[in-house]
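Let me begin by presenting the structure, written as structure tokens, before commenting on it.
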Amino acid sequence: MRKHRVHHAPLEPVITLSQLESEHLRVLRVNIGDAVNVFDGAGLEATGAIASLEPLVTLRLGEVRSVNLEPPRAVTLCIALLKGDKLADVVRGATELGVSSVQLLITDHADAREIGMQKLERLRRIASEAAKQCGRSVIPSVLEPLRIRDLEAVQCGVVAHPRSSLLVRDAVTWDAPVAVATGPEGGFSNPEIATLERLGFKTVTLGVRILRAETAPIALLGALIAGEGF
Ligand code: SAM
């Protein structure tokens, strides 16, 4: 049977889990002595035995090991703020596909112009849950929104743009961290595309059909990461 996974940092010989993780394990009806995998969100993992269940679950950990399911270079997804709960699916999928961080963007044709702290915290919890579920030991950070002009220049970046014909695989050589960007339902404005190009992003195509703003980042990361077998 697959071992349950929980998140806790730092990984010390004896750890006490948070209320949330303790409840999660109790719902799964674990018992004293059961083995559980614990990851720290930054690339380390250990197997522990449950030492007590109440008031919070405590675990005695074995040897700490490094677990590397990461792409060869860090990947940052820059994504426009989207309406409703669409970003939840994007953050979940992007975590499963291996991004190191998600940088939210305020864009000219944005569906949403801001994000509340509660919603941002929820996206961070979704990233943590998705990392737990897919076997990663790294939890991507979800960063507060920035304007495109405030992004840092990149060595290797691609922006999905329906009017490009360059393929993702021809634009990325994996010799530097990779930044990828996708726009809102209304698309990036021309000045935004010009700014991204000035910052080092190349425009790439995702095919001949127009994808929804929440589909495009997953298609782009699929081509970039899963398509390479990373
Ligand atoms: N009319 C908008 C435009 O021309 O950009 C369409 C926007 S599309 C719904 C939302 C975002 O998904 C775009 O900003 C782009 O980043 C990405 N996208 C969707 N389909 C694409 C495609 N076939 N090629 C490249 N990027 C695409």
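The values are calculated or read from the model by the stated rules, or taken from the named source; none is laboratory data. From a predicted model like this one, the values you see are computed outputs, not experimental measurements. Glycine also receives a Cβ, built like all others from the backbone with ideal geometry; neighbour counts cover every protein chain displayed. To get the accessible areas, we keep the full protein, side chains included, count just its heavy atoms, and leave off ligands, DNA and RNA. Shrake-Rupley method; radii C 1.70, N 1.55, O 1.52, S 1.80 Å.
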With a 1.4 Å probe and every protein chain kept in, tell me what percent of the accessible surface of region 4-66 is carbon plus sulfur. 56
Percent carbon-and-sulfur accessible area, region 157-230, ignoring ligands, DNA and RNA, probe 1.4 Å: 53
Can you list which of the DSSP-assigned H helices in the chain have a Cα extent of 24 Å or more along the long axis and an average Kyte-Doolittle score of at least -1.0? 117-134
Expressed in µm² per second, the diffusion coefficient of region 4-66 from the Stokes-Einstein equation, with Rh the Kirkwood radius over alpha carbon pairs, at 25 °C and 0.890 mPa s, is 218
About the Cα centre of region 75-228, what is the dipole size in debye to 20, counting +1 per Lys and Arg Cβ and -1 per Asp and Glu Cβ, all else neutral? 200
The chain - mean residue ellipticity at 222 nm from DSSP helices (-39,500 (n - 2.57) per run, n ≥ 4, rounded to 500): -8000 deg cm²/dmol
Can you check how the C-alpha radius of gyration of the chain compares to 2.2 N^0.38 Å, as a plain ratio? 1.12
Hey, how many Å between the Cα centroid of region 146-166 and the Cα centroid of region 78-117? 15
If the chain between residue 69 and residue 18 were fully extended at 0.36 nm per residue, the gain over the current Cα-Cα distance would be 15.9 nm
Inverse of <1/r> over all distinct C-alpha pairs of region 52-94, i.e. the Kirkwood Rh in Å, gives 14.9
Of 225, 13, 47, farthest towards positive along the dipole that unit charges on Lys, Arg, Asp, Glu beta carbons give the chain: 225
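In Å², and per residue, what accessible area does the chain have when probed at 1.4 Å with the other protein chains present?
Heavy-atom SASA per residue in the chain reads 50 Å².
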Percent RCO, i.e. relative contact order, over the chain, from Cα pairs under 8 Å lying at least 6 residues apart: 20
Can you give the Kirkwood hydrodynamic radius of region 1-107 from its Cα pairs, in Å with one decimal? 15.7
Taking the Cα centre of each part, how many Å lie between region 1-69 and region 173-230? 37
Restrict the search to region 1-106; then list the trypsin sites (Lys or Arg not before Pro) that DSSP places in a loop and that have at most 14 other Cβ atoms within 10 Å of their Cβ. 2, 3, 29, 83
